[in-house]
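A short worksheet on the structure shown next.
The values are calculated or read from the model by the stated rules, or taken from the named source; none is laboratory data. On a predicted model such as this, the values are computed, not experimentally measured, just so you know. Reconstructed Cβ throughout: ideal geometry from the backbone, glycine too, with neighbour counts over all protein chains shown. Heads up: the accessible areas ignore ligands, DNA and RNA and are worked out on the full protein's heavy atoms, side chains in. Shrake-Rupley method; radii C 1.70, N 1.55, O 1.52, S 1.80 Å.
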Amino acid sequence: MRTQVGIIGAGPAGLVLSHLLHLHGIESVVLENRSRQYVQERVRAGVLEQGTVDLLKETGVGERLQREGLVHYGVNLRFGRRTHRIDFADLTGGKAVTIYAQHEVVKDLTDARLAAGGQVHFEVADTSIHNFDNSNRTSKPAIRFRKDGEPLELVCDFVAGCDGYHGICRPSLPEGILTTFDRVYPFGWLGILAEAPPSSEELIYAYHERGFALLSMRSPHIGRLYLQCRPDEDILNWPDAKIWQELQVRLAAEEKWKLVEGPVLQKGVTGMRSFVVEPMQYGNLFLAGDAAHIVPPTGAKGLNLAVADVRILARALADFYSTGRRDLLHAYSETCLRRVWKVQRFSWWMTSMLHRFDNENAFDHRRQLAELDYLTSSRAAAQSLAENYVGLPLE
Ligand code: RFL
Ligand code: PHB
């Protein structure tokens with residue numbers, strides 16, 4: 001098999017990259033180790049930045065998103081049982097975020113790629129990458145894998161490692177090339193998907209003595225809620241009634257407000273970490289999305305950052321194929337990392353402000369409350385949150 005760009009991973013990064021390359025007339029093949037059904041049902045992110053929404057719409061894959069997505073012009077911060085709205089439209093000149101599940105984005109992109117005759121292969125096994133270090137200029141990069149038990153090789157000009165945090169691309173780089181920067185948080189999130197209409201039109205981020213809670217949603221009928229929990233929390237310790245009880249306590253408000261409960265459709269625990277590798281490229285291999293960096297979910301940035309990376313990569317590859325110049329490709333990592341670090345900062349800051357840390361004391365609790373008070377009483381501070389939340393300008 002032969003293609004121009006071999007893409008490993010059919011998550012948001014891999015599929016958006018394949019779609020953008022197609023629009024530039026560049027051929028790619030996407031290899032995914034899970035089944036199509038699995039990736040299209042995996043419950044993950046839900047908040048799309050304005051720039052992500054604009055990109056999907058402008059490139060012809062935003063039709064269902066436009067119809068079904070919920071446009072939010074603000075979020076609520078709740079602490080001391082009071083609710084404070086951050087008005088994005090006012091603070092950012094009319095920008096918003098859109099609530100639309102990640103697996104719906106993945107579904108729309110997969111459909112678009114296949115309808116355009118694109119190659120997306122699911123359930124491939126034993127993926128490995130070769131000859132990507134550029135040392136041997138006569139042999140091209142190759143991806144080896146198995147499909148239905150048969151060993152195959154895909155020869156390409158470039159490999160895009162879009163295979164997420166647990167993928168094989170990042171660990172395939174020779175030792176000593178990558179520098180890792182990370183922080184693991186001493187807590188996780190217990191998330192539920194519930195058949196309950198969201199009790200608020202917009203998201204509520206709640207800071208409470210017992211820990212953080214978040215009210216989000218997927219549709220006017222389906223709620224998505226999270227609780228701060230121990231990083232190794234056993235979900236078996238959390239029967240549905242106990243989850244709702246804890247959500248009721250942490251989300252409680254002074255004003256007349258009620259958290260509507262309903263059957264829990266799905267639940268799980270996620271650990272939280274901040275993680276970056278530098279550089280995000282080596283020879284003809286380019287890492288994008290979670291393969292190169294992870295953010296804690298508090299800022300709702302992971303998917304959006306993955307899309308920002310591949311937009312830069314697609315532009316660099318398009319420039320190479322049309323002019324033969326490699327300067328944008330050489331600058332890929334540096335260009336991406338400027339945004340990556342700003343988003344890391346924002347996600348770390350939101351996480352630090354809103355969670356209870358075991359090793360912190362009453363001073364830190366007062367400091368967190370003061371930060372929230374400042375944020376909700378100073379236009380300058382609120383504007384900083386708003387411009388980061390709706391998404392920093394693209395390069
Ligand atoms: P993905 O989505 O992990 O996709 C990688 C794909 O590669 C496949 N793969 C392989 N394929 C072939 N061969 C191999 N050896 C392979 N190894 C792996 C995997 O099966 C997978 O299909 O990475 P990508 O594309 O970089 O996208 C990143 C996002 O998925 C991630 O950042 C977000 O989900 C993070 N995130 C959120 N991001 C947001 O922007 N907004 C949010 O509201 C938000 N909420 C969240 C989140 C992540 C969460 N969890 C569960 C981690 C909420 C949660 C709870
Ligand atoms: C979600 O709806 O899954 C969600 C919303 C906001 C976040 C993280 C996750 O910060």
Q | Residue among Trp348, Ile168, Cys336 farthest towards the positive dipole end of the chain, charges placed on Cβ | A | Trp348
Q.
As a test of the formula, what do you get for the chain when each DSSP H run with n ≥ 4 contributes -39,500 (n - 2.57) and the sum is divided by the residue count, at 222 nm and rounded to the nearest 500 deg cm²/dmol?
A. -11000 deg cm²/dmol
Q) So, how do all the Cα-to-Cα distances of the stretch 15-62 break down into 5 Å bins, in percent, from 0 on up? A) 5, 16, 20, 22, 24, 14, 1
Q: Quick one: dipole size for the chain, taken about the Cα centre, charges +1 on Lys/Arg Cβ and -1 on Asp/Glu Cβ, in debye to the nearest 20.
A: 340 debye
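Among the listed pairs Lys242/Lys301; Lys57/Lys258; Lys95/Lys342; Lys57/Lys342; Lys57/Lys147; Lys95/Lys242, give every one whose C-alpha distance is greater than 27 Å.
Table pairs above 27 Å Cα-Cα are Lys242/Lys301; Lys57/Lys258; Lys57/Lys147; Lys95/Lys242.
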Q) Over all distinct alpha-carbon pairs, what is the Kirkwood Rh of the stretch 236-377 in angstrom? A) 18.7 Å
Q: Kindly state, to the nearest 0.05, the FRET efficiency for Arg325 paired with Arg379, given R0 = 41 Å and r defined as their beta-carbon distance.
A: 0.40
**Q.** Heavy atoms of Trp348: accessible area, 1.4 Å probe, square angstrom to 10
**A.** 100 Å²
Q) If you project the alpha carbons of the chain onto their three principal axes, what span does each projection cover, largest first, in Å? A) 69, 40, 39
Q | Kirkwood Rh in Å, taken over all unlike Cα pairs in the stretch 10-107 | A | 15.3 Å
Q.
Please list, by residue number, every one of the trypsin sites (Lys or Arg not before Pro) in the stretch 325-395 that is coil in DSSP and has at most 13 other beta-carbon atoms within 10 Å.
A. Arg325, Arg326
Q) Where the Cα atoms of the stretch 139-230 are projected onto their three principal axes, how long is each span, largest first, in whole Å? A) 58, 33, 23
**Q.** R0 of 25 Å, Cβ-Cβ distance Gln266-Arg85: FRET efficiency to nearest 0.05
**A.** 0.30
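Do any trypsin sites (Lys or Arg not before Pro) in the stretch 122-166 lie in a loop, going by DSSP, with at most 11 other beta-carbon atoms within 10 Å of their beta carbon, and if so which?
Values: sites: Arg137, Arg144, Arg146, Lys147; in loops: Arg137.
Answer in residue order: Arg137.
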**Q.** Protein-only accessible surface order, largest first, of Glu123, Glu233 at 1.4 Å
**A.** Glu123, Glu233
Q | In the stretch 95-130, trypsin sites (Lys or Arg not before Pro) in a DSSP loop with at most 11 other beta-carbon atoms within 10 Å | A | none
Q: Can you sort Thr270, Thr98 by 1.4 Å-probe accessible area, starting with the largest?
A: Thr270, Thr98
Q. What's the Kirkwood radius of the stretch 43-195 in Å, using all Cα pairs?
A. 19.9 Å
Q | Long-range amide H partners of Met272 with built H, under 5 Å | A | Tyr185, Phe187
Q) Between Ile235 and Thr179, how many nm apart are label points set 7 Å from Cα along the C-beta direction? A) 3.8 nm
Q: Could you tell me which helices of the chain pass both thresholds, a Cα extent of 27 Å or more along their own axis and a mean Kyte-Doolittle hydropathy of at least -1.0, with helices taken as whole DSSP H runs?
A: 302-323, 332-354
